[in-house]
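Worksheet: one structure, shown below.
No value in this document is a laboratory result; all are computed from the given coordinates. As the structure is a computational prediction, the values presented were derived from the model and not from experiment. Glycine also receives a Cβ, built like all others from the backbone with ideal geometry; neighbour counts cover every protein chain displayed.
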Amino acid sequence: MAALRLQGFKTLNLAPLDLTLAAGELVFLSGPSGSGKSLLLRALADLDPHEGEAWLDGTASSSLPAPEWRRRIGLLPAESFWWFDKVGDHFDPATGNDKAARVDRASLVLLNRLGFEPEVMDWTVSRLSTGERQRLALARLLALQPQALLLDEASANLDPSNRDRVEALIQDYRRDKDAAVLWVSHDPDQRHRLSAPAAGLPGARRLIIRGDRLEEEVAGEGALNQREQAIRWN
Amino acid sequence: MELITLSPFDLGLAASLVLLLALLSWRLHLGVEKRVLIAALRSAIQLSLIGLVLNFLFAQTSFALIGLWALIMLAIAGWEVMARQKHRYKGVWSFGIGTLSMFLSSFSVIFLALTLIIGVEPWYQPQYLIPLLGMLLGNTMSGIAITLDNLSRQAWEGRGHIEARLLLGQSWECAISDIRRDSLRAGLIPIINSMAAAGLVSLPGMMTGQILAGSPPMEAAKYQMMILFLISAGTGLGSAAAVWIGSRRLFDNRQRLRLDRLTGPER
């Protein structure tokens, strides 16, 4: 189990932030684009310089070597990147070598739950669709068994059935590992749907960025935002 | 065989060919006549000055003066490396990485060559040191420039990949290992090519010079071999140093990729 705690955590666009996610807690984060959601997640993974401190349970970010911290906090960026030719070569991150990539059983279970056959490991990355990349990136991350999850639009490019797979997998991971999950999602329906308490899982908190602060999202507000957005787009 | 000295008239004759080229450029509207003339004039002035300086240095054999001249050569080469980067390191690093790498590689290789291989007495005999150092610096300069340019450009373009690897808990060295390898390889290719083509396609400059000065071709060939080996060692060492320092500088102590330490692409 791992709780995520932020103290005086200051990134570029936001005021210093104090936030605690209990172990197994899901917190949705939304806000206008450019408001600093992704930058907050990047800073939490210590990919950008920042002020303040983050803790996973009792362990401060600065007390760990950066790679170890990143492995524990598990950030899934909105865009996934692949550097070897074959999918499977990315599933052996301990070495980063393309040779002798061993795919363990746990990874295969993950892949299966996301709708892939084991053969996907031999696919070349260039033939993957955007949605496949997104799902495989999630599998690649969960295979490392991070203690917490930072998700940046984890299901944005997926069709409804795959989106459901991703949601179910993340909810199960959250329950089984008791992992704190901070999830940036633009989809008000998704935020609403997953906020309700489910079997063995407490509901989620929904936070929204207003100006440079995080506030509780009022029920139904997201839907309103969506309507506003639709008007703006038309 | 005697060294035939060139009279001013001989040089003038050769220079008139350049004038002819400029005339041709003017007639054909190539628009480079001014640049041809300026470049020719520059080369005449620079080479005359170097001739004078070397005349002076050779007469002295003073370690301090020779050392100073070697450092000037190094600084100019370092400047040249910096000028060839698309994404430069900010601050002193841009000049510093190339210069330090060249200093480490060229100077150690040349010291080795002069003391162990050629065995000149004293080892800093300018007649050997200056031309050899010039050739070494000229070649390691291109190798290091290519290596560093590759490194910074690929890091700039490959930010997504590098950060994705960092996010999976890889160390900075692992995350940039492919780019490092690639850059080093790119930097070594010119010297490998010139070793492979030596003598067949082009008669290298040093060998040509020695033959013109009356050395037996076989002696000239031996010197040329030595210098090629020295150059490849120097380029390899220098590029490796540059890629190590350069890639280390791309990350901070929390192993974050810091592209803000590079300048953006020009224009």
Given all pairs of distinct Cα atoms, the protein assembly as shown yields a Kirkwood Rh in Å of 27.4
To the nearest 20 debye, chain A has a Cα-centred charge dipole, built from +1 on Lys and Arg Cβ and -1 on Asp and Glu Cβ, of 120
Highest mean packing first, using Cβ neighbours within 10 angstrom, the peptides B:61-72, A:134-145, B:40-51 sort as A:134-145, B:61-72, B:40-51
Between the residues A:Trp123, B:Ser7, B:Ile72, the Cα farthest towards the positive end of the dipole of the protein assembly as shown, that dipole coming from +1 and -1 charges on the beta-carbon of Lys, Arg, Asp and Glu, is from B:Ser7
Answer in debye to the nearest 20: the dipole magnitude of the stretch B:62-261 about its Cα centre, from +1 Lys/Arg and -1 Asp/Glu charges placed on Cβ, is 720
Along principal axes, largest first, the alpha-carbon spread of chain A in whole Å comes out as 48, 46, 35
With the stretch A:5-55 reduced to its Cα atoms and the Debye formula applied, log10 I(q)/I(0) at q = 0.13, 0.16, 0.17, 0.26 1/Å amounts to -0.29, -0.44, -0.49, -1.11
One finds, for B:Leu11 and B:Met226 with R0 = 35 angstrom and r their Cβ-Cβ distance, a FRET efficiency to the nearest 0.05 of 0.65
So the FRET efficiency between B:Arg258 and A:Thr20, C-beta based with R0 = 45 Å and rounded to 0.05, is 0.90
Between A:Arg175 and A:Arg205, the two model label points (7 Å from Cα along the beta-carbon direction) sit apart by a distance in nm of 2.2
The lysines whose Cα lies under 19 Å from the Cα of A:Lys86, excluding any fewer than 8 residues away in the same chain, are A:Lys99
Semi-axes in Å, largest first, for the stretch A:110-165 (Cα gyration tensor, √(5λ)) are 17, 15, 11
Excluding residues fewer than 8 positions from B:Lys222 in its own chain, the lysines with Cα under 18 Å of it are none
If each K or R counts +1 and each D or E counts -1, the residues other than B:Val36 whose Cβ falls under 15 Å of its Cβ total +3
Connecting every pair of Cα atoms under 10 Å apart in chain A and solving the GNM, the largest mean-square fluctuation among A:Arg174, A:Arg105, A:Arg210 falls on A:Arg105
Everything considered on the Cα gyration tensor (a ≥ b ≥ c; rounded for a/c under 1.5, else prolate if a/b is larger than b/c, else oblate), the stretch B:62-261 must be described as prolate
Using alpha carbon centers only, the stretch A:173-215 is separated from the stretch A:31-96 by a whole-angstrom value of 19
The FRET efficiency for B:Asn193 and A:Ala196, from their Cβ-Cβ distance with R0 = 60 Å and rounded to 0.05, is 0.35
Residue-normalised 222 nm signal for chain B, counting each DSSP H run of n ≥ 4 as -39,500 (n - 2.57), nearest 500 deg cm²/dmol, is -24000 deg cm²/dmol
